[in-house]
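Inspection log for the structure reproduced underneath, given as structure tokens.
Every number here is computed from the coordinates shown, using simple stated rules; none is lab data. The model shown is predicted, which means the values in this text are computed figures rather than measured ones.
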Amino acid sequence: MLEFAGEAHISQNTVFLAVSLLCGITFPNSYLPAPAQWLAELLPVTPAMDVLRDALGQGRPFSDLLPRLVTCLALSAGCLLLGLRLLPAAERRAVERGF
């Protein structure tokens, strides 16, 4: 966000809207076309929403939720590592562009 948009709030709102639509926060992602569903599965919010719905709405036991929880944790760790790798270069470019 630092690199591509001078103002982070615009891109943050856009990303939040896309995540809300793709990951099943606004409506179940099964309503989406197949390519959008595949994209949603790459985001950690999708399995987190599945776990939340299954635990609270259907009362499923923890053992049934464990595979989706592991998927959520793995995707989250991947996003974290990618962000840690890319952030220093993005910050450096943002500072250079700002002066």
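Calculated mean residue ellipticity at 222 nm for the chain: -22500 deg cm²/dmol, from DSSP H runs with n ≥ 4 weighted as -39500 (n - 2.57), summed, divided by the residue count and rounded to 500.
Across the alpha-carbon atoms of the chain, the computed radius of gyration and Dmax are 16.6, 55 angstrom.
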